[in-house]
Amino acid sequence: MIPISGAAWSSRRVTQLTDDQDSPFRESRAPCALSGVETSPFSCAPPRAQARACGPLPFLVQRDGTWLYRGTPIRRKPMICLFASVLRRDGEGTYWLETPVERGSIEVEDAPFVAVEMDWKGCGRNQVLSFRTNVDLVVCAGPDHPIRAEWDVPSEGCGMGPVPYLHVRDGEGTFALEARIARSVYYELAALAVPGTCRGVPCLGVWSRNMFFPLSRLPVGDDAA
C-alpha cells in the first residue's frame with residue numbers, strides 16, 4: 001500500500017485541461033475521474049513555504065508513462081491520475097509531488113506524460129490537433145501548448161526520427177511539464193505534415209491553431225512551400 005498521509009492526499013476529482021472547445025475527447029475523460037470534490041487540489045492552496053518538505057519520494061515515472069513506487073508498478077489508473085494532478089516542476093527541472101501541506105521530489109526518466117491518442121479537424125492554418133494523454137488530460141496544440149522536436153538534425157543522426165513533445169502545463173521558469181508523443185501517434189502526426197520553413201530553414205511540420213510546428217528537415221530535393 002502506498003502511504004500517503006494527510007487529508008491533502010485524499011481522493012479528489014482530477015483537474016482536466018478544459019480550455020478548449022475543439023477537442024473531440026472532451027466527453028471521454030470521465031474514466032480518470034476520482035471520487036470527491038470537484039475542485040483542484042490546489043484551488044485553495046496556501047503559499048509553498050507552508051508545505052512541509054518530505055525529501056525524495058520513492059516514485060519513478062518511466063519513459064513509457066508507467067509509474068513505479070519502490071520499483072513496483074502502480075496499476076490503479078485513478079491513483080496515477082491523482083498523482084499526476086499534483087505533479088509540479090521547479091525552476092531547476094526537478095519534478096515534485098506537491099499538496100498544500102507537503103511536497104517531495106520524484107524521478108522522471110523522460111517526460112511525465114505520454115500522448116497516446118490524437119484527433120484533428122480542419123486543415124491548413126485552421127487545423128486543430130487534439131491529444132489525449134495516458135492520464136486522460138486533453139490538450140489542443142497551439143500557442144499555449146506547443147509541440148517541440150529536435151527537428152533541425154540530419155535524419156541519420158536521430159535514429160527513427162525526432163521524438164516530439166507536447167507542452168501540457170507550465171512549470172517554473174523555462175521548464176514545462178510535457179507529454180512525449182507516442183510513436184504510433186507520431187506516425188499519424190507525420191501523415192499530416194506539410195512543407196514549411198522555420199527560422200528560414202525548409203522543414204516539414206504541422207499546423208494547429210494558426211501555429212506551425214516543425215517536425216523534421218525537408219528531404220533534400222523537395223521544395224518548401
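Only the coordinates and a few stated rules stand behind these numbers; no lab work does. Here the structure is a predicted model, which is why all the values come from computation and not from measurement. Here Cβ is always computed from backbone atoms with ideal geometry, including for glycine, and neighbour counts include all displayed protein chains.
Under 5 Å between amide H atoms, partner at least 5 residues away or on a different chain: which partners does G142 have, H built in plane at 1.01 Å?
I147
Please compute the length gained on full extension between R75 and C198, using 0.36 nm multiplied by the number of residues separating them and subtracting their Cα-Cα distance. Before the final figure, lay out the partial values.
On the way: separation 123, 0.36 × 123 = 44.28 nm, distance 4.17 nm.
Value of the extension gain: 40.1 nm.
Dividing the Cα radius of gyration by the Kirkwood radius, what Rg/Rh value follows for segment 106-207? Could the numbers behind the result be given before it?
Working: Rg = 13.7 Å, Rh = 14.4 Å.
Rounded to two decimals, Rg over Rh is 0.95.
Taking 0.36 nm per residue of separation and subtracting the Cα-Cα distance, what length does fully extending F212 through T94 add?
Numbers: separation 118, 0.36 × 118 = 42.48 nm, distance 2.93 nm.
Contour length minus the Cα-Cα distance gives 39.5 nm.
If I stretch the segment between L60 and D170 completely, what's the gain in nm (0.36 nm per residue apart, minus their alpha carbon distance), one decimal?
Details: separation 110, 0.36 × 110 = 39.60 nm, distance 2.05 nm.
That pair, L60 and D170, stretches by 37.5 nm at full extension.
Listed highest first by mean packing, meaning other Cβ atoms within 10 Å per residue, what order do 92-100, 108-116 come in?
Result, highest mean first: 108-116, 92-100.
For the pair A190 and V153, how long in nm is the line joining their label points, each one 7 Å along Cα→Cβ?
The modelled label-to-label distance comes out at 1.5 nm.
Per-residue HN-Hα couplings for segment 129-139, Karplus 6.51 cos²θ - 1.76 cosθ + 1.60 at θ = phi - 60°, whole Hz, x for Gly and Pro?
With coefficients 6.51, -1.76 and 1.60, one gets 9, 10, 10, 10, 8, 5, 10, 6, 7, 10, 10 Hz.
Show the residues, 5+ positions off or on another chain, whose built amide H is closer than 5 Å to the amide H of L215.
Hits under the 5 Å cutoff: L204, G205, V206.
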